[in-house]
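To keep things clear, I will list the structure first and then write my remarks on it.
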Amino acid sequence: MRLELVKRSYLNISLCMPSNLIKMFSPRLGSTVAVAILFLIGCSVWQFSLGTDVDSKYKHTDIVIIGGMGDLSKRYLMQGFYSLITKYTTEHNSFTLYPTGRSDPESTEPILSKILDERLTCEEMDGHACKKSKENFISSVNYAQLKTDEHYKIFCDGIKIKWENLMNGKLNVNVEAIFYLSIPSSGYLSAAQYIKNYCRVSHEKWKVKVVLEKPFGLDRQSAKEMGLELSHSFSEEEIYRVDHYLGKTIVREIINFRKQNDHVEALLNRDHVEQVEIFMKETIGVQGRIDFYDQTGVMRDVFQNHLTELLTIIAMEIPQNSSSSVDIKVNKLRLLKQIEPAKMSATLLGQFSEYLKDAEEEQADLEKSKFTPTFAAVMLKVHSPRWDGVPFILAGGKKLDERSGYVRVVFKRNTVCTNNCRDKNLQQLIFYIGHGQLKMPAILMSKSIGQPVWPLGVSDLSSVPKPSELFGQKRDDLFIGIPHRDPTAYTVLIEDLYLGVKDKFIGTSHLLSLWDIWTDVSSSFSKPTPKIYDAGDKDGKLSFRVTSNKLQYTENISDSVTMVTGAASVQNESFGQTPSSFLGNKLITTDPQRLAFRLAEDIAHSIKQTLKRSLSYHIAFSGGKSPIILFETLAQHFADIPWRYVHIWQVDERCVPATDKDSNFGKIEEYLLKYIRLPYFNIHPMPVEVTGKLCSPNDEGLQLYQDMIKDQISDKRFDYIVLGLGADGHTASLFPNNPSLSAIRQFTAFAYGPEDLFEIQRMTLTLPVINKAKQLSVFVTGEGKRQILKDLEDAEGSKDEYPILGVKPDIGNVTWYIDSEALID
């Protein structure tokens with residue numbers, strides 16, 4: 001017991017005092033009393049160093065690297081946290097860094113000291129300043145052994161004492177703890193449990209952040225289960241999943257470049273782009289990590305994360321507020337959901353020739369190792385109006401000809417040349433991440449496209465030596481911009497972590513969407529044996545071609561990788577759902593993407609059949625977010641609809657200008673109308689703004705839309721109406737117990753939703769008009785609708801309680817399209 005108290009007291013000293021003072025006094029720690037006194041002195045001195053002004057605010061941050069003696073920590077994390085601590089330490093802001101490991105302090109501390117001394121580098125400092133800076137940083141570093149429950153308990157007890165002393169004192173101090181899990185993902189859950197059990201403090205001024213390295217699971221199911229388990233210990237806001245490629249300098253500039261170059265952004269679409277190539281090549285192998293790589297392989301190592309993240313940034317829609325991390329995340333997630341899952345038929349695999357030899361030396365499972373890919377090339381399709389039909393070719397691996405990474409957009413020949421058109425055969429835009437021929441990150445663009453506007457912090461390459469040719473084009477025919485500074489990716493991400501900026505970290509929904517793309521090919525039990533290639537692939541065995549929807553290896557061609565694309569046509573899948581019923585009506589159910597396709601397919605069929613006997617077709621869409629996926633599907637896959645005879649109407653609209661982000665018509669315009677050929681006089685937005693007034697109380701807009709319906713639709717019956725379902729049972733903008741539910745002769749009405757402000761109401765079609773439609777569908781997506789669907793099945797109420805129950809077509813039929821997430825119990 002006495003020895004345990006001594007150990008605890010000694011640790012507490014280390015938490016409160018700089019390590020150089022501990023070393024000075026440690027030989028004299030001869031008794032428990034002396035240790036306790038020294039602990040109190042240490043804490044008092046430390047707190048005094050912060051100052052005593054009760055009106056000032058202070059912040060202290062403890063950084064705990066679990067796995068702090070591992071390769072990642074040595075190579076990147078120590079330097080990243082050194083840069084952070086050096087930049088942000090002030091008299092009001094302090095840090096303590098705890099690299100932790102499983103070994104005892106006596107044997108580990110000398111190794112740690114050597115690592116810090118040899119590996120830390122100082123930017124823009126002279127020798128003396130650098131030496132002083134490193135000494136100050138090293139004094140804030142304290143190693144801790146974390147191997148057992150008892151180790152965690154002792155460690156956390158010590159730092160909790162420090163936190164309590166800070167927060168309960170006279171100083172106005174905020175405390176934050178960053179736990180960086182630099183360990184295999186198999187250890188995440190146990191480490192998270194330790195942190196929760198021993199280090200949690202319930203205090204409004206105490207915050208925690210937990211950082212996870214990839215890989216995040218082995219497939220969608222394991223990632224989902226891991227996320228669920230972690231959620232028992234930490235909230236989503238507290239979890240930071242790292243993909244270090246998002247911190248690389250040029251990757252951070254892609255969105256800025258796109259936003260500042262309208263003439264280039266206008267070319268990034270299926271009309272002008274031949275193909276997009278996303279490559280990440282490495283010259284190193286995987287010696288010493290065969291067991292890990294047999295489990296991970298190149299797919300999980302770089303495709304499911306780095307390469308797909310690059311695809312997302314180059315292909316996503318740029319939000320109006322490009323500085324909003326929330327808007328960027330929303331648009332990234334939307335793009336991920338538009339990517340068709342990778343198929344083995346569009347995948348090539350390879351393995352470098354020494355891999356099995358390395359596996360044998362490491363006594364790995366050779367039967368498993370022979371199927372492990374160290375190289376892959378995959379063609380992905382993005383089913384969005386902007387990119388439909390453009391092949392995205394992702395390739396990368398180990399033991400290749402060079403170390404390099406880039407995103408290359410190749411434009412269709414002779415279609416984008418606007419300036420200096422002597423080189424009409426090649427127009428391209430390259431975001432070059434680093435290394436390789438240029439030896440530095442850069443943005444390259446064919447001069448024939450026009451002069452680029454460089455983002456802040458990027459300027460023209462001038463005095464740096466120039467390769468004579470890059471990516472098949474003469475150096476003089478390219479604009480090349482290079483960044484002024486190129487901090488390491490981890491330095492950037494660690495600073496964002498400290499500041500709480502999350503746009504470069506991976507959220508749970510984003511992670512699961514990544515796995516939706518890659519689970520099948522990374523977990524396939526019918527993988528082909530990888531093609532064997534020698535290190536550097538000097539004989540070109542990995543050369544491949546893109547033909548239609550396949551990738552094929554090809555031998556004896558001059559370039560290391562050759563791609564020739566054809567028109568990648570959309571393949572309409574056959575969806576064989578077995579119809580059942582809901583509330584006595586026909587039910588179609590599957591995943592959201594296929595559900596939207598099925599509904600779009602049914603609408604297309606209805607249009608074509610109706611136009612055989614009629615000169616026009618009238619369809620009305622409900623508002624909200626759910627129809628967006630339907631609009632995208634119609635725009636992407638149903639261009640052959642004779643749109644010039646189709647009239648588009650609205651079921652409901654908010655009383656906001658058409659340019660407002662909440663406008664239902666704005667969504668129809670953004671996701672459908674801009675991509676189809678539709679005469680403007682066939683578009684009928686609800687007139688919520690008349691003579692400059694929104695939803696005027698004299699009902700001008702209501703009467704105007706009613707007259708439009710009477711004039712345009714001969715029998716006053718819409719051919720098709722697409723409805724939605726609210727969580728309270730409302731449909732259109734007909735809310736429970738709303739007077740508009742009782743309208744008999746009116747075609748339109750004003751209504752208020754339960755969440756609406758008094759001055760913001762809605763215009764909606766009434767039930768009599770809806771029920772006259774020849775065909776009706778109710779499109780329901782999301783697990784948030786599960787409860788209302790259950791309530792409706794059990795309901796004995798009226799349309800006043802659940803307005804959707806008032807949808808009873810006079811002559812037509814109603815079909816429910818409900819995604820499987822909403823139906824699952």
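The values are calculated or read from the model by the stated rules, or taken from the named source; none is laboratory data. Since this is a predicted model, take the numbers as computed values, not measurements. Cβ: placed from backbone, ideal geometry, glycine included. Neighbour counts: every protein chain shown. SASA here: full protein model, heavy atoms, side chains in, ligands and nucleic acids out. Shrake-Rupley method; radii C 1.70, N 1.55, O 1.52, S 1.80 Å.
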All positions within the range 179-210 that are over 19 Å from ARG102 (Cβ atoms) and of a type in the set (A, V, I, L, M, F, W, C): VAL201, TRP206, VAL208, VAL210
Does GLN761 meet the test of being surrounded by 16 or more Cβ atoms within 10 Å (Cβ to Cβ), farther than 15 Å from SER622 by Cα and of a type outside the set (Ser, Thr, Tyr)? yes
So GLN706 clears everything in (1) at pLDDT 90 or above; (2) touching a strand residue (DSSP E or B) at 6+ places or on another chain (Cβ under 6 Å); (3) farther than 18 Å from HIS647 by Cα except one condition, right? Which one? (3)
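Residue-wise test of (1) over 37 Å from the mean Cα position of the chain (by Cα); (2) open to solvent by less than 70 Å² (accessible area, probe 1.4 Å); (3) touching a residue at least 60 places away in the same chain (Cβ under 8 Å).
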{"position": "ARG119", "(1), (2), (3)": "no, no, no"}
{"position": "CYS122", "(1), (2), (3)": "no, yes, no"}
{"position": "GLY127", "(1), (2), (3)": "yes, yes, no"}
{"position": "SER133", "(1), (2), (3)": "no, yes, no"}
{"position": "SER139", "(1), (2), (3)": "yes, yes, yes"}
{"position": "PHE155", "(1), (2), (3)": "no, yes, yes"}
{"position": "ASN165", "(1), (2), (3)": "yes, yes, yes"}
{"position": "ASN172", "(1), (2), (3)": "no, yes, yes"}
How about the range 622-644: which of its residues are part of a helix (DSSP H, G or I) and over 33 Å from the mean Cα position of the chain (by Cα)? TRP643, ARG644
Need pairs with beta-carbon distance below 7 Å; first residue under 23 Å from HIS647 (Cβ atoms) and within the range 674-703, second in a helix (DSSP H, G or I) and open to solvent by 70 Å² or more (accessible area, probe 1.4 Å); sequence gap 6+ or separate chains. ARG677/ARG644; LEU678/ARG644; PRO679/ARG644; PRO687/LEU704; VAL690/GLU700; VAL690/LEU704
Mind telling me which of the residues ILE668, ILE619, ILE648 ends up being open to solvent by less than 50 Å² (accessible area, probe 1.4 Å), in a helix (DSSP H, G or I), of a type in the set (Val, Ile, Thr) and at pLDDT 90 or above? ILE668
What is the number of the single condition among (1) open to solvent by 10 Å² or more (accessible area, probe 1.4 Å); (2) under 24 Å from LEU694 (Cα atoms) that VAL807 does not meet? (2)
Can you pull out every residue in the range 227-238 that is closer than 14 Å to ALA177 by Cα and open to solvent by less than 10 Å² (accessible area, probe 1.4 Å)? PHE234
Select, from TYR188, TYR194, TYR180, the only residue that is hydroxyl-bearing (Ser, Thr, Tyr) and within 24 Å of SER325 (Cα to Cα). TYR180
Flagged pairs (Cβ under 6 angstrom, 6 or more apart or on separate chains; first in the range 62-77, under 21 Å from PRO110 (Cβ atoms); second part of a helix (DSSP H, G or I) and open to solvent by 10 Å² or more (accessible area, probe 1.4 Å)) are LYS74/ILE115
SER353: open to solvent by 30 Å² or more (accessible area, probe 1.4 Å) and modelled with pLDDT of 90 or more, yes or no? yes
Could you check, for the range 432-439, whether at least one of its residues is closer than 29 Å to LYS550 by Cβ and modelled with pLDDT of 90 or more? yes
Of these, THR578, THR610, which one is among the β-branched types (Val, Ile, Thr), open to solvent by 10 Å² or more (accessible area, probe 1.4 Å) and at pLDDT 90 or above? THR610
Please determine whether any residue of the range 476-490 is part of a helix (DSSP H, G or I), under 30 Å from LEU218 (Cβ atoms) and either hydrophobic (A, V, I, L, M, F, W, C) or touching a helix residue (DSSP H, G or I) at 6+ places or on another chain (Cβ under 9 Å) (or both). yes
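Looking at the range 204-226, can you tell me whether even one residue there is closer than 23 Å to GLY158 by Cβ and open to solvent by 60 Å² or more (accessible area, probe 1.4 Å)?
Checking the range 204-226: at least one residue is closer than 23 Å to GLY158 by Cβ and open to solvent by 60 Å² or more (accessible area, probe 1.4 Å).
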Applying the selection to the range 241-282, what residues are of a type in the set (Lys, Arg), open to solvent by 20 Å² or more (accessible area, probe 1.4 Å) and in a helix (DSSP H, G or I)? ARG252, LYS259
I'd like to verify a number: residues in the range 767-781 that are part of a loop (DSSP other than H, G, I, E, B) and crowded, with 23+ Cβ neighbours inside 10 Å, how many? 2
Looking at the range 730-749, can you tell me whether even one residue there is within 30 Å of GLU783 (Cβ to Cβ) and in a strand (DSSP E or B)? yes
Please list, ordered by first then second residue, the pairs with beta carbon atoms under 8 Å, 6 or more apart or interchain, first in the range 773-786 and under 14 Å from VAL651 (Cβ atoms) and among the hydroxyl-bearing types (Ser, Thr, Tyr), second modelled with pLDDT under 90 and surrounded by 20 or more Cβ atoms within 10 Å (Cβ to Cβ). SER777/VAL814
Test each condition in (1) in contact with a helix residue (DSSP H, G or I) (Cβ under 7 Å, 6 or more places away or on another chain); (2) over 27 Å from LYS337 (Cβ atoms); (3) not charged (D, E, K, R) for ALA635 and report the one that comes out false. (2)
What's the number of the only condition in (1) closer than 23 Å to ASP262 by Cα; (2) open to solvent by 40 Å² or more (accessible area, probe 1.4 Å); (3) of a type in the set (Asp, Glu) that GLU367 fails to meet? (1)
Going residue by residue through the range 107-119, is there one that turns out to be acidic (Asp, Glu), part of a loop (DSSP other than H, G, I, E, B) and modelled with pLDDT of 50 or more? no
Going residue by residue through the range 295-306, is there one that turns out to be more than 24 Å from PRO530 (Cβ to Cβ), open to solvent by 10 Å² or more (accessible area, probe 1.4 Å) and either in a helix (DSSP H, G or I) or touching a Phe, Trp or Tyr at 6+ places or on another chain (Cβ under 6 Å) (or both)? no
Of all residues in the range 481-523, which are over 17 Å from LEU77 (Cα atoms), β-branched (Val, Ile, Thr) and surrounded by fewer than 19 Cβ atoms within 10 Å (Cβ to Cβ)? VAL501, THR508
Looking at (1) modelled with pLDDT of 90 or more; (2) among the β-branched types (Val, Ile, Thr); (3) closer than 22 Å to THR249 by Cβ, which is the one condition that is false for VAL464? (1)
Filter result (touching an Asp or Glu at 6+ places or on another chain (Cβ under 9 Å), surrounded by 15 or more Cβ atoms within 10 Å (Cβ to Cβ) and not basic (Lys, Arg)) within the range 783-802: ILE788, ALA795, TYR802
For the range 404-431, the count of residues that are charged (D, E, K, R) and modelled with pLDDT of 90 or more equals 1
Quick check on the range 179-203: of everything there that is assigned to a helix (DSSP H, G or I) and open to solvent by 60 Å² or more (accessible area, probe 1.4 Å), which residue is farthest from GLY80 (Cα to Cα)? ASN197
Number of positions in the range 681-696 that are open to solvent by 30 Å² or more (accessible area, probe 1.4 Å) and over 36 Å from the mean Cα position of the chain (by Cα): 6
